[in-house]
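Nothing in this text is a laboratory measurement; each read-out follows from the coordinates by a stated rule. In this text, all values refer to a predicted model and were calculated from it rather than measured experimentally. We place every Cβ from the backbone using ideal geometry, glycine too, and count neighbours over all the protein chains shown.
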Amino acid sequence: MSWKKHTYSQSLTGKEVTLIRDLTRGILRQEGLSHIPVRIKSGVWSTAYVVSGNRDRLTREWKIDEEYIQLGGKMLTGSLYPKRIYYISIYDSDYRVRLIAKPKDVMMADIIGSTIIEEIAHAVSSNKAFRQRRADVKSHGAEFTSSFKELWRKYFIDLKYKLLDIYGYNGISGEEYI
């Protein structure tokens, strides 16, 4: 793979899609969530952790019917940007989560890496709540923030450098925005 910037609005190659999916699956596997599929939808912008289920009337336990992580192809190519990304400075020993609003000029590897970690953090916090037989997890509450920090600490730098094979070094590091 080359070190040049990925052309915005360009379709991802099969190798690029496979790399992004494999990187995401690798983190899920290391977090004990290898059962969660990763879907990359080419004509879609939105990324999400999707889970549906219900509570058994007799046992009152929650049952997950379906769950997956969706990564939108339009976001992955940079043809559309998220409104904000979560970011933690590599120099912050307290791992404070910051929001970068309008990250248009941020390196694509930072945007994609942060977004992948965000969706996995949703999966981790939801699965933790499920194991504790709770369904009251706020999508960006304390459980999410805790999961995001831990995942960022463990995976972000390695993930970012692997994504640079696709997106190159053009843009400004998220460090410059916080």
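Key figures for this structure:
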| item | result |
| --- | --- |
| Highest to lowest packing among 152-164, 22-34, 68-80, scored as the average C-beta count within 10 Å | 68-80, 152-164, 22-34 |
| Among beta bridges that DSSP assigns inside the chain, antiparallel share in %, nearest 5 | 70 |
| Cα-Cα over 28 Å, subset of 15/154; 15/63; 41/160 | 15/63 |
| Angle between the chain longest axis and helix 14-30 axis [Cα atoms, degrees, rounded to 10] | 40 |
| Charge dipole of the chain about the Cα centre (unit charges at C-beta), most positive-ward option of 76, 86, 62 | 62 |
| For the range 14-177, size of Cβ-based charge dipole, Lys and Arg +1, Asp and Glu -1, in debye | 460 |
| Where N is the number of residues in the range 14-177, Cα Rg divided by 2.2 N^0.38 Å | 1.05 |
| Theoretical FRET efficiency, 1/(1+(r/R0)^6), r = Cβ-Cβ of residue 146 and residue 80, R0 30 Å, to 0.05 | 0.55 |
